[in-house]
Each structure stands twice: as structure tokens, then as C-alpha cells.
Amino acid sequence: VRMVVSVVCLPFSVEGKDRHKHAAEGLVKLSGLSDICVVLENDGLAKAAPQLQFRKAFRVMDQVMNFVPAEMRQALTTGSLKEVKELFKGCSQCRLGVGIGTGIFADRTAVSEAFASPWFDIPMDKVSSCLAMMVTGEDNADLAGSMAYDIANRIPHAPITYAARTDPSMNGKAQVTVLLGSR
């Protein structure tokens, strides 16, 4: 089973109408060729880090764009690809949220940060699918269950596929990557 994942950046709003028009046209075509099309608006990065210079902002976006497929490659198994493809079937676009928490409330902090993403512009009642990929340290692997519970409470009407893994470098931390799709 193969899955085509596209991660796309839309131009800053100050970049002009023509650039936005061309991006929107390309996005429609790319969405039709992808199993999952993650859309990141550059304006979202400007909201998250308003003091960031343009060059640095583009470097950060490059890292974010590379992070999504890398995390999916680590979190998903060959067997889960078919399930994830089916989950996002018919979703024209997906939005991304990533959160990292530390300390006693690492799980809650990670989920809260992910759902505070500057790229979540879909009302939660319009979410039609969710992929939640959770990473914890070996010392706190039990946090994945509480993160899953918190995510399910935030989007109770959407089907969710969960993937959890441990990473020794994450001891004392929890990370969640959430992809939300809408039709």
C-alpha cells in the first residue's frame, strides 16, 4: 500500500492576488492527486512568530513541511496506511497542529498546543477525520492514552486514527501531531 502525502505552503497575504490565485489553482490539482494534502498558510506562521524575518520564516516552514512526512513515516505501519487513506478519502485539505509538553501535565500541554495551531482554521464541528500521532518517552508511555482521550473530547464527531510510539529522547516529554481533515 502506498500513500501520497503532499504538504503545501500558501503565500503570505501580502504577496498579492495573482500569487494566491495561482496557488489556489495548483492546490485544487494537487489535492486531487494526493491521499492527504496538508495545507499550511504562511500567514499562520506570521501569527505564531510575528517578529520572524522572512528568510527565517521560510526556513521554519521548510522544517515544518519536512516534519509531517517524517513523523508519518515513523508513526504509521504498512498495515495502517490503508486505514489512514480511507479515513481521509474525500478530504480536500488537511490542517496541522503539533504540540510538545513537559512535566507533570505534559500530555495536556501537548494536546492544547497542537489544537492552538495557527493552521487550524477549520471549525471543530466541521472536522471529518483526524490522524493523531503521539510520541512519549519510555518512562511516560501511559500518557498516550490520556492524550487520545483529550483529542477525542475536542472533536467528538470525527473518526480518529491514533498512532503512538516511544522515543528514548522524549523522556519527560509528550508530543502530539494532529492532522485534521474536512470535506
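Couple of notes before you dig in:
- FRET efficiency, 1/(1 + (r/R0)^6) with R0 22 Å, evaluated for residue 58 and residue 167 via beta carbons: 0.20
- Å² per residue, accessible surface of segment 95-170 at 1.4 Å: 46 Å²
- Each stretch of four or more DSSP H residues adds -39500 (n - 2.57); spread over every residue of the chain, this sum gives -13500 deg cm²/dmol at 222 nm.
- When the alpha carbon gyration tensor of segment 68-183 is reduced to an equivalent ellipsoid, its three semi-axes come out at 22, 16, 11 angstrom, largest first.
- Cβ-based net charge around residue 179, under 13 Å, with every Lys or Arg adding one and every Asp or Glu removing one: 0
- Take every pair of alpha-carbon atoms less than 8 Å apart whose residues are at least six positions apart; their mean separation over the length of segment 25-183 yields a relative contact order of 29 percent.
- Formal net charge of residues neighbouring residue 85 (Cβ-Cβ distance under 10 Å; K, R +1; D, E -1): 0
- Once you reduce segment 51-115 and segment 139-155 to the center of their Cα atoms, the two points are 16 Å from each other.
- GNM remark for the chain: springs join alpha carbons under 10 Å apart, and the peak mean-square fluctuation among 80, 117, 31 falls on 80.
The values are calculated or read from the model by the stated rules, or taken from the named source; none is laboratory data. This is a predicted model, so every value here is computed, not measured. For neighbour counting, all protein chains shown are included, and Cβ atoms are generated from backbone atoms with ideal geometry for every residue, glycine included. What goes into the accessible areas is simple: the full protein's heavy atoms, side chains included, and nothing from ligands, DNA or RNA. Shrake-Rupley method; radii C 1.70, N 1.55, O 1.52, S 1.80 Å.
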